[in-house]
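*Asks:* Before I ask anything, let me first share the structure, which is written out below as structure tokens.
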Amino acid sequence: MTNTLINNHKKSLRTHYKRLRQGLSEEMQNQYSALICAKVLKMLPEKPINIHLFLPMQGAGEVNLQLLLATLWARGDRLYIPRIHGKSLEHIHFTKDTDLVLNRWQIPEPALHHPPASIDEISHIDWVLTPLLVCDEAGYRVGYGGGFYDQFFQEFPQVVKIGVGFFTPIATISDRYQGDIPLDHYIMPGKKLTFEHR
């Protein structure tokens, strides 16, 4: 998909790709999500790992990573999901018994009685599957503008950063700044891209 009708500033890209994503039928969103999840599963090492992932915002048409959960739990992978706390993310160990509530953005997150992971636990997270609207060919992502994941990546640079989305990367994001952290991999329907930053 080319990007000739809009400029490549994050604000314009955010508006444009939200509209494009909302324009996908539910059937297409489900089909694309299944293809993306299949690619994620093919990437997994043989032994269980620690994975941070997100649950889709209701009504936003995000990639549905819930399709991964049964397989990851069966493999013995240890899962974490985010909970927004002020201007940062908490990371909560996620099991079949975790109670979920919808936050103000309609994102399912663990109820407050579930304690956040310790710094030691977070430092042992191997992969982070991160949401985005689009990324560029260098692996820089356009999210929702909160900066939550860039802050996470700055604090814990050991994680492998894997973006998941429905659209082909654009050439470049014109208003990247020094605090932006690029992805290591990007998975879109049927395809995985790797960026050489490490």
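*Asks:* Checking a compactness column here: for region 25-82, what do you get for Rg(Cα) / (2.2 N^0.38 Å), N being the number of residues?
*Replies:* In units of the globular-protein estimate, region 25-82 measures up at 1.16.
*Asks:* Have a look at 159, 134, 40 and tell me which one the Gaussian network model of the chain (Cα, springs below 10 Å) gives the largest fluctuation.
*Replies:* 40
*Asks:* Let me have the 222 nm mean residue ellipticity of the chain computed from DSSP H runs of 4+ only, each contributing -39500 (n - 2.57), with the sum over all residues rounded to the nearest 500.
*Replies:* -7500 deg cm²/dmol
*Asks:* With all protein chains present, how much of the accessible area of the chain (probe radius 1.4 Å) comes from carbon and sulfur, to the nearest whole percent?
*Replies:* 52 percent
*Asks:* Further, regarding this structure: Only Lys, Arg, Asp and Glu count, each charged at its Cβ (+1, +1, -1, -1), so figure out the dipole size of region 8-132 about its Cα centre, rounded to 20 debye.
*Replies:* For this selection, approximately 640 debye.
*Asks:* Hey, another quick one. Using DSSP loop states and a limit of at most 13 other Cβ atoms within 10 Å to flag GluC sites (Glu not before Pro), what is the longest stretch of the chain containing no flagged site?
*Replies:* 47-195
*Asks:* Find the accessible area per residue for region 11-84; the probe is 1.4 Å, ligands and nucleic acids are left out, and the unit is Å².
*Replies:* 51 Å²
*Asks:* Same structure again: How much of the DSSP bridge set in region 41-198 is antiparallel, in percent, rounded to the nearest 5?
*Replies:* The answer is about 55 percent antiparallel.
*Asks:* Using the Karplus equation 6.51 cos²θ - 1.76 cosθ + 1.60 (θ = phi - 60°), what ³J(HN,Hα) coupling, rounded to whole Hz, does each residue of region 177-183 give in order, writing x for Gly and Pro?
*Replies:* Listing the rounded values in order: 9, 4, x, 6, 10, x, 6 Hz.
*Asks:* In Å³ and rounded to a whole number, note down the convex hull volume per residue for the Cα atoms of region 90-175.
*Replies:* Hull volume over Cα atoms, normalised by residue count, gives 121 Å³.
*Asks:* Taking the alpha-carbon set of the chain, what are its Rg and Dmax in Å?
*Replies:* Reported Rg and Dmax, both Å: 16.1, 48.
*Asks:* List the residues, sorted by chain then number, that are 5 or more residues from residue 160 or on another chain and whose placed amide H is less than 5 Å from its amide H.
*Replies:* 127, 128
*Asks:* Also, I was wondering about something else. At what distance in angstrom do the alpha carbon centres of region 35-76 and region 121-198 lie from each other?
*Replies:* For region 35-76 versus region 121-198, the Cα centre distance is 16 Å.
*Asks:* Further question on the same structure: How large is the translational diffusion coefficient of region 1-99 in µm² per second when you combine the Kirkwood radius over alpha carbon pairs with Stokes-Einstein at 4 °C and 1.567 mPa s?
*Replies:* Result for D is 82 µm²/s.
*Asks:* In addition: Would you please report the Å³ per residue occupied by the convex hull of the alpha carbon atoms in region 82-137?
*Replies:* Output value, Cα hull per residue: 132 Å³.
The values are calculated or read from the model by the stated rules, or taken from the named source; none is laboratory data. This is a predicted model, so every value here is computed, not measured. Quick reminder, even Gly has a Cβ in these numbers, built from the backbone with ideal geometry, and neighbours come from all protein chains shown. Only protein heavy atoms, including side chains, enter the accessible area calculation; ligands, DNA and RNA are left aside. Shrake-Rupley method; radii C 1.70, N 1.55, O 1.52, S 1.80 Å.
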